[in-house]
Amino acid sequence: MKNKIYFVALCVFVLSCSTTKNMNYDSMIGKFYGKHPGFSKGTYTQCNLELKRDSTFYFQIKGHDYSPECKGLWSLSNDTLLLKCNEEKDVSVLLSSGYMNQREFRIRVLNKDKLEFDNVNLKRK
């Protein structure tokens with residue numbers, strides 16, 4: 001009897017664990033938005049991501065006095081989006097608050113409508 005209880009408990013545990021399903025490319029296309037509190041009281045940081053069908057993307061992070069952005073190519077591997085920003089050649093952009101120093105991002109796919117980037121949940125618009 002004890003073995004049956006352990007077996008049933010094990011089955012319930014295993015079946016209740018959720019796993020991230022492999023997402024397909026087409027289900028990820030769209031616009032995502034998220035925001036979280038900024039460093040100063042009363043401020044926030046906003047993230048905007050647009051994934052396009054031609055594998056290009058637009059990514060922007062808006063803060064109190066900065067707004068870096070980048071465009072590039074995206075790819076999907078299981079539960080991870082990989083964003084690779086295009087190389088910026090315009091010197092005025094490189095020296096502005098609009099330049100994004102980090103040129104590659106990994107974003108976790110929670111489901112087709114929700115992503116996680118640096119502890120910020122991005123939801124589909």
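Please treat every number below as a calculation from the coordinates, not as lab data. Just so you know, these numbers come straight off a predicted model, no measurement behind them. With ideal geometry, Cβ positions are generated from the backbone for all residues, glycine too; neighbour counts draw on all protein chains shown.
What is region 29-124 by shape, rounded, prolate or oblate, if you read a ≥ b ≥ c off the alpha carbon gyration tensor as root eigenvalues and call it rounded for a/c under 1.5, prolate for a/b larger than b/c, and oblate otherwise?
Oblate, because a/c is 1.5 or more while a/b does not exceed b/c.
When the pairs Lys31/Lys89; Lys35/Lys112; Lys52/Lys125; Lys84/Lys125 are compared against a 24 Å limit on Cα-Cα distance, Lys31/Lys89 fall above it. Summing charges over all other residues whose Cβ lies under 13 Å from the Cβ of Ile29, with Lys and Arg as +1 and Asp and Glu as -1, gives +2. Applying 0.36 nm per residue to the separation of Lys35 and Val91 and subtracting their alpha-carbon distance, the gain on full extension is 17.2 nm. Counting only residues at least eight positions apart within a chain, or on another chain, the aspartates and glutamates with an alpha carbon under 16 Å from that of Lys41 are Asp65. Rounded if a/c is under 1.5, else prolate if a/b is larger than b/c, else oblate: which is region 21-60, with a ≥ b ≥ c the root eigenvalues of its Cα gyration tensor? The shape class here is prolate. Database remark: amide H of Ser55 closer than 5 angstrom to no amide H (H placed geometrically; neighbours at sequence offset of 5 or more, or on other chains; Pro and chain starts carry no H). Label sites at Tyr58 and Asn78, each approximated as a point 7 angstrom past Cα along Cα to Cβ, lie 3.2 nm apart.
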